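Asks: Supplied in structure tokens, the structure appears directly below.
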């Protein structure tokens, strides 16, 4: 298309109308490509956490980096917890007790739905020993996912807060660029941290595994233009998963297990984008249409007298 | 009729609560959640602009504070009450203009039972408040209460800005010919035949223009302009004092400079998206503003004397040529439609029906492409933009049809004409005796 002569470009303007009719046909062809949604499944070997330890109580793990998230967007989980991290004797004991419960063996991620508003489902599966029920009864536990959203994808902090109110999440927050309206070219990345409760209900009956699912509603910004239009594949960022528990008897510190998940296959969101080659003819036709409409109304207002009043005179 | 529409709205609010709790697709408008969040912030003595995308006057957030104290549906009740009030005001305006009862009932019903309008209020959209205030301003003007009209006009422009387009026609009707000091204006009755000289014509338009330029500074105009301006600046100044530049940027300046690259009914959306990375030149901004300005001016100078009709045409044109169009904007002219219907010669079968179907068809056609882009993620920018152009042409067609079928009827009788009619009546009476 780029190699077309100016004559060819003019010819393209003429076939726009044909394209519009053809676009219906195009949709049928494209829908298979765009609508596909392959789950991304990662097996994590032994499932031992990459970090264990204890933290003083804080609402969000990402809090310390608020306002400076750009420097920390690639932080590993150990760096994320940073100086707050404690490993005292009592902590080691608590970690040891819970370690067998939280062996993260599988992470599955899906993009659910189609179009500009989808849900990112992350399922965490843990091995589940026989004493799981008693441990969960003694502790208050929650799974935490930290999603580094790629440029062009955002989460609505107010939508998340409504989900918190409805009890879907224990807590959720967005850090970074929370502007909901700007297109990709004028916005920055953001990070979502969501917490869900882990309870006895999460133990599955069949294989005695423990499964936690977190479904984040995500939205797309208008992507930058791309030659030829088509679709821009936005690859979802890496996930950091954590589990934190605190003893119901001694709730002053969180016992924490964290995993850095490097997905073996990518999860891609196909987003339609505008074609810069359309710019010229779209502008011309837009302004001509506005002018024609304005002139028609102008003429109609000016000639109003002859259309109505004369008929009344007669 | 009012009772039935009240029950209908109440039932829809209750149904909305149920749908929100049980279904994935919410009944409640997303904007209502924004208003409610802003109101919750106000209740906590914080700025309503802490809620991103809250781009309204803080008055709205104050009005909805009971949402977080009494019940989340409080705002919907307020908006639906305003929606019913619009029905009452439509009836009042038509009664003042001497419209027969059967036509009045038909016109009021066209608002109260319009599925588009009764869902707007019950879903939590604040536009019925604006509609009610605009109609109340018309009533005040018809009753000669200029100060009260100015008060509400200053308020509504602060509240929603777009009624600023009504300033010129309002100032035009406030002429010395229509309003005399210490005298109520004389209204033209629905069935009353006009003096030939008062009919709309190009000569008359030019005469109005010349008269406006030469005699603009009448007492009524100065009073209206200064008082409404003072009220506007009072509210704006108060909230600027309370919330600073955040208020000014979000609630006022944003609306004046808004260009949205995301898809909406406006013909400009794809053009804006295709150029958003580079920005827009002054020339481009002027070129896109010119059709809007030209159409507004011609409609005002041609039809200002028939004030409700002029406001209706202006609003339809303003929405059609706007850089951003969302479905809620249609309410702005839906509330003015019932007060022009009795003067229309358009027959419901088939002219009216065809106009309605054409307008709705163009909208549904656009919505189909919009759905494919937004909810199916398909690259349909070109067909969607083409659908926007079709929608503009359907708006234009309907607007022209409405103009052609309208019986021009100035709201006010010229003082000289009313004296002439009075003297004729006296002569006739004397003749009878």
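Asks: Taking each residue of A:272-279 in turn, how many C-beta atoms of other protein chains fall within 10 Å of its C-beta, and what is the average?
Replies: 5
Asks: Which three extents, in whole angstrom, do the alpha-carbon atoms of chain B cover along their principal axes, largest first?
Replies: Projected onto its principal axes, the Cα set of chain B covers 77, 47, 46 Å.
Asks: Starting from the 7 Å offset along Cα-to-Cβ, what nm value, one decimal, do you get for the label separation of residue A:197 and residue B:290?
Replies: 6.4 nm
Asks: How would you order A:106-114, B:175-183, B:127-135 from highest to lowest mean count of nearby Cβ atoms within 10 Å?
Replies: B:127-135, A:106-114, B:175-183
Asks: Further question on the same structure: Which value in Å is the Kirkwood Rh of region A:121-173 over different Cα pairs?
Replies: Result for region A:121-173, one decimal place: 13.8 Å.
Asks: With runs of 4+ DSSP H residues as the only contributors, calculate the mean residue ellipticity of chain B at 222 nm using -39,500 (n - 2.57) per run, divided by the residue total and rounded to the nearest 500.
Replies: Result for chain B, helices only: -21000 deg cm²/dmol.
Asks: Now for a different question. Apply 1/(1 + (r/R0)^6) to the Cβ-Cβ distance of residue A:106 and residue A:303, taking R0 = 51 Å, and write down the FRET efficiency to the nearest 0.05.
Replies: 0.10
Asks: Per-residue mean of other chain beta-carbon atoms within 10 angstrom of the beta-carbon, peptide B:265-272?
Replies: 4
Asks: What order do you get for B:382, A:297, B:59 when you list them from fewest to most C-beta neighbours inside 10 Å? Don't skip to the answer; put the middle values down first.
Replies: Details: B:382 20, A:297 25, B:59 17.
The order, fewest Cβ neighbours first, is B:59, B:382, A:297.
Asks: If you count, for every residue in A:224-235, the Cβ atoms of partner chains within 10 Å of its Cβ, what is the mean? Don't skip to the answer; put the middle values down first.
Replies: Details: counts 2, 5, 0, 0, 0, 3, 1, 3, 0, 0, 0, 0.
The mean count of partner-chain Cβ atoms within 10 Å per residue comes to 1.
Asks: Can I ask one more? Tilt of helix B:101-112 relative to the longest C-alpha principal axis of chain B, in degrees (0 to 90, nearest 10)?
Replies: For helix B:101-112, the angle is close to 20 degrees.
Asks: Oh, and also: What is the angle, in °, between the Cα long axis of helix B:415-432 and the longest principal axis of the Cα atoms in chain B? Nearest 10 is fine, range 0 to 90.
Replies: 50 degrees
Asks: Something else now. Gain in length, residue B:222 to residue B:1, computed as 0.36 nm per residue apart minus the alpha-carbon separation, to one decimal in nm?
Replies: Full extension of this stretch gives 75.5 nm more.
Asks: Also: Based only on other Cβ atoms within 10 Å, what is the fewest-to-most ordering of B:146, B:213?
Replies: Ordered from fewest to most neighbouring Cβ atoms within 10 Å, B:146, B:213 come out as B:213, B:146.
Asks: For A:137, B:246, what's the fewest-to-most ordering of other Cβ within 10 Å of each Cβ?
Replies: Listed from fewest to most nearby Cβ atoms, that is A:137, B:246.
Asks: Calculate the FRET efficiency for residue B:360 and residue B:280 from the Cβ-Cβ distance with a Förster distance of 35 Å, rounded to the nearest 0.05.
Replies: Computed FRET efficiency for residue B:360 and residue B:280: 0.60.
Asks: Right, another one. Using the Cα atoms of region B:333-403, I'd like the radius of gyration and the largest Cα-Cα distance, Dmax, both in angstrom.
Replies: Calculated on Cα positions, Rg and Dmax stand at 14.9, 46 Å.
Asks: Additional query: So if we plug the beta-carbon distance of residue A:188 and residue B:102 into 1/(1 + (r/R0)^6) with R0 = 41 Å, what FRET efficiency do we get, rounded to 0.05?
Replies: On the way: r = 61 Å, r/R0 = 1.50.
After rounding, the FRET efficiency stands at 0.10.
Asks: Right, here's the next one. Between the helical axis of B:202-214 and the dominant principal axis of chain B, each derived from Cα atoms, what acute angle in degrees is found, rounded to the nearest 10?
Replies: Value to nearest ten degrees: 80.
A short reminder: the numbers here are calculations on the coordinates, not readings from a lab. Here the structure is a predicted model, which is why all the values come from computation and not from measurement. Note that we place each Cβ from the backbone using ideal geometry, even for glycine, and neighbour counts take in every protein chain shown.
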